[in-house]
Amino acid sequence: MNEGLSVLAIMVGILHSGIRLATPYLYAAIGETFAQRSGVLNLGVEGIMLLGAFSGFYVAFQTGSLILGVLAAALVGALMGLAMAFISVTLQAEQGISGIGLYLFGLGASSLLFKTMLGTVEGVNGFPELSFCLGAGFCLADIPILGEIFFNHNILVYVAFALVPVAWWVLNKTTWGLSIRAVGQNPQAADSLGVSVARVRYFTVTLGGVMAGIAGASLSISLLNIFQEGMTNGQGFIAVALVYFGSWTPVGVMAGALLFSLVNALQLWVQVLGLNIPSDVAVMLPYLLTIFALAVPFKRALQPQALTKAFERGES
């Protein structure tokens, strides 16, 4: 173990890394929360993240604009979300298999585009960290311990966490949120009251695609500042599991995202510190936690009743 680092410094480092690493989970899982609350399970989140990561990186690399990179990732995510909505809502295909197909498309397309358009791993200058300076040379980032943990991240990190209360408000305090929840619980009843089930599901699945695309961009031009094949490393599937873990609520999703990211940060620090723990065991920790989250039985009673179920007008 590196004796030059104190226990406090290690804890601060883990907490700081945990907040940063929660960013892609939050974007992807909040978007997937909207889709699942309307009754659509999108297992293609991982593929959308990969294409979003590539498109965001490539546009930022070519133009030098990080904002354009995020917009490109959001646009690609929207197109992928529309494709998933068409397949699952209009064609009423089995959602699990459709999502896996979307994932495989994103995996293959991102790899092909990388090889043909870049060819080698490149880097960009990602979003800078904000210090929240208030004048007179005082910055919130300079506050001991708390400043390093909470006030030393880039803008995409703060936007991800700001989306949690926004998503909660939309789902629970707006008419549109009521329509989303109604469609996910009982689409026949919602349809009888004049709610367009197809329109609601198209919107939520497309929104989920946009958020997954931005989640990918947060990896390639915010956290890592590079693009490489398969860089999401299963985070899209974990994001889907986080919706289940968080009981289909934005606050629960945030809690789950922080838990998973802290475990991920812990395994990274285990390797950095050279602790006498096999690196393969440390890398497995987030995935073992995913399996545990999916095995909790009482969560099943909380899921939307129409999740994964196709809707056709006139059915009882």
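Tell me which of 270, 234, 43 sits at the most positive position along the dipole axis of the chain, charges placed on C-beta atoms (Lys, Arg +1; Asp, Glu -1).
Positive-end residue among those listed: 43.
Relative contact order of the chain: what whole-number percent is it, with Cα pairs under 8 angstrom and at least 6 residues apart?
The normalised contact order for the chain reaches 36 percent.
Residue by residue, what Karplus-based ³J(HN,Hα) values in Hz, rounded to whole numbers, does the range 166-175 have, using 6.51, -1.76 and 1.60 with θ = phi - 60° and x for Gly and Pro?
Rounded to whole hertz, the list is 5, 5, 4, 5, 4, 6, 10, 10, 10, 5.
When the label point is put 7 Å from the Cα of residue 11 along its Cα-to-beta-carbon vector, which residues of the range 126-159 have a backbone N closer than 14 Å?
145-146, 149
Can you list residues from other chains, or at least 5 along the same chain, whose modelled amide H is less than 5 Å from the amide H of residue 154?
130
So how far, in whole Å, is the C-alpha centre of the range 148-224 from the one of the range 1-70?
Comparing the Cα centres of the range 148-224 and the range 1-70, I get a distance of 15 Å.
Place +1 on the Cβ of every Lys and Arg and -1 on the Cβ of every Asp and Glu in the chain, take the dipole about the Cα centre, and give the residue among 252, 213, 153 whose Cα lies farthest towards its positive end.
252
Taking amide H atoms as placed 1.01 Å from N in the peptide plane, list the residues 5 or more away in sequence, or in a different chain, whose amide H sits under 5 Å from that of residue 139.
134
Once you list every other residue whose beta carbon is under 13 Å from the beta carbon of residue 106, what net charge do they have if Lys and Arg are +1 and Asp and Glu are -1?
Value of the local net charge: -2.
Can you put 131, 222, 6, 88 in order of Cβ neighbours within 10 angstrom, beginning with the fewest?
Final ranking by Cβ density, sparse to dense: 6, 131, 222, 88.
Report the charge-dipole magnitude of the chain in Debye, nearest 20, computed about the Cα centre from +1 at each Lys and Arg Cβ and -1 at each Asp and Glu Cβ.
With Lys and Arg at +1 and Asp and Glu at -1, about 800 debye.
What distance in nm lies between label points placed 7 Å from Cα along the C-beta direction at residue 192 and residue 68?
5.3 nm
Mind ordering 137-143, 211-217, 236-242, 58-64 by average Cβ neighbours within 10 Å, highest first?
Top to bottom by mean Cβ count within 10 Å: 211-217, 236-242, 58-64, 137-143.
With the calculation restricted to Cα positions, what are the radius of gyration and Dmax of the chain in angstrom?
Spelled out, the Cα radius of gyration and Dmax of the chain are 20.1, 69 Å.
Among 255-261, 175-181, 114-120, how do they line up by average Cβ neighbours within 10 Å per residue, starting with the highest?
Per-residue mean Cβ counts within 10 Å order the peptides as 255-261, 175-181, 114-120.
Given labels modelled 7 Å from the Cα in the Cβ direction, how far is it in nm from residue 117 to residue 130?
If labels sit at residue 117 and residue 130, their model points lie 2.9 nm apart.
Readers should treat all values here as calculations from the given coordinates under stated rules, not as data from a laboratory. It should be emphasised that the depicted structure is a prediction, and the values quoted were computed from it without experimental measurement. Heads up, the Cβs are rebuilt from the backbone with ideal geometry, glycines too, and the neighbour counts pull from every protein chain shown.
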